Structures are given as structure tokens and as C-alpha cells.
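Participant: Structure incoming, see below.
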Amino acid sequence: MEKREITGVQGQVNNIEVIFKEYYGSLCYFASQFLKNEEVIEDLVQDVFIALLEKKMLFQSEVHLKNFLYLSIRNSCLNYIRSTRSKDRYIASLAHEEQTEDLEESIILTEIHRELAAAVEKLPEECRKVFQLCYFQGLDNESAAQELGLSVNTVKAQKARGKKILRENLKDIFPLLMLLNPLF
């Protein structure tokens, strides 16, 4: 084969259409050995031909042209894989960071619940029973009053008393409790 000259943007394009038709399919197939996404493969192969045009290269033989094309597409595929892996690692690190934050949050919540439960256990007996029925079991004032044989006003008073005692006993974690539960 004769020398194949490729002149680019400002010059004339000699034989580029012939070269494109001749090698496009085989370069796509070669790229498919590295990648599976056809759109990405086609984009990378087209980018190689654009680079060929922009570099205004003169090849001594068809072997040199083939080497350029195949090495370029191989390098493009490997760069794409590296880039994708880098993005995947970044996404994985974000997911790991999020899991770590979730774990930390879970530990904090568990600790707050433990302290709250311990403080509730220290409440006076009647106050503790009302508090547990209303806040832990979700009963309304009337249901709690019936369950304990008390008046509704006594239940309301015991709830208010329990909240006041808990606020005092849990003043160190009270701001966190306010965020987590509007009960306080």
C-alpha cells in the first residue's frame, strides 16, 4: 500500500473516508474486547478518528496506520476503564461514609434511648406508669386513665410532672432529645 496521508482541520482530507470505512468495524470489535457498552465504544472509536484528523499524520505504511489506530483505541478503552473505576471507587467511598454516619447516628440514638429509659425508670411509680402508657405504648390520656383507674386530669398532671423531672435529669442531652422527639 502507498503512504496514507491524513491532513486535518485546515488542510484537505485524503483517504479518511476510505480509512474510516475500512477500520471502523474492526476497531469497534477490538474495543468490545475491553468494554461492553456499544455507545461508549462507538464514541471512543470516533474520537480516535477525530484525533487522527487533528494530528495531521503521515504514515509510512498501512502497518503504521493500523498500529496507530489499534493502540489509540486500546489506550482510549483503558483510560475509560480507569476513569470509570475511579468514579466507582469515589461512589463506594461516599456510600461507605454514609454507612459510617448512619452507624454513628444509630449509636448516638441508642445511647440517648438508653439514657431516656434509665431516667424514666427513676420517675415516681405513678408518674412512670402514666409516662410509659402514654409515650411508649401510645395510649391517649383517656385510655391511660381507664387503664390505671385515674382521672384524665391526674394523667395530664403526671405527664407534665414526668416531663419536668426528665428535663432536669437529662439536661445534658436535652437539646438532642428536642431534635429527636417533640415530646420534650
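The values are calculated or read from the model by the stated rules, or taken from the named source; none is laboratory data. Note that the structure is a prediction, hence the values are computed from the model and not measured. Quick reminder, even Gly has a Cβ in these numbers, built from the backbone with ideal geometry, and neighbours come from all protein chains shown.
Participant: Here are 99, 46: which of them is surrounded by 10 or more Cβ atoms within 10 Å (Cβ to Cβ), over 30 Å from residue 172 (Cα atoms) and of a type in the set (S, T, N, Q)? Talk me through it step by step, then tell me what you get.
Facilitator: Details: 99 fails: over 30 Å from residue 172 (Cα atoms).
Exactly one of 99, 46 is surrounded by 10 or more Cβ atoms within 10 Å (Cβ to Cβ), over 30 Å from residue 172 (Cα atoms) and of a type in the set (S, T, N, Q), namely 46.
Participant: From (1) assigned to a helix (DSSP H, G or I); (2) surrounded by 12 or more Cβ atoms within 10 Å (Cβ to Cβ), pick out the condition that doesn't hold for residue 142.
Facilitator: Result: residue 142 passes all but (2).
Participant: Something else about it: Restricting the search to segment 65-96, which residues are surrounded by 13 or more Cβ atoms within 10 Å (Cβ to Cβ), without any contact (Cβ under 8 Å) to a residue 40 or more places away in the chain and farther than 15 Å from residue 27 by Cα? Spell out how you get there, then give the answer.
Facilitator: Here is the first cut: in segment 65-96, the ones surrounded by 13 or more Cβ atoms within 10 Å (Cβ to Cβ) are 65-66, 68-70, 72-74, 76-77, 80, 84.
When the remaining residues are screened for being without any contact (Cβ under 8 Å) to a residue 40 or more places away in the chain, the result is 68, 72, 84.
The one that is surrounded by 13 or more Cβ atoms within 10 Å (Cβ to Cβ), without any contact (Cβ under 8 Å) to a residue 40 or more places away in the chain and farther than 15 Å from residue 27 by Cα: 84.
Participant: Note down all Cβ pairs under 7 Å where the first residue falls in segment 45-64 and is small (Gly, Ala, Ser), the second is assigned to a helix (DSSP H, G or I), and they're at least six residues apart or on different chains.
Facilitator: Sorted first by the residue in segment 45-64, then by its partner, the pairs are 51/72.
Participant: Which residue out of 83, 72, 76, 151 is hydroxyl-bearing (Ser, Thr, Tyr) and not assigned by TED's automatic domain parsing to the domain that holds residue 35?
Facilitator: 151
Participant: Considering only segment 139-156, how many residues are under 13 Å from residue 126 (Cα atoms) and among the acidic types (Asp, Glu)?
Facilitator: Selection size over segment 139-156: 1.
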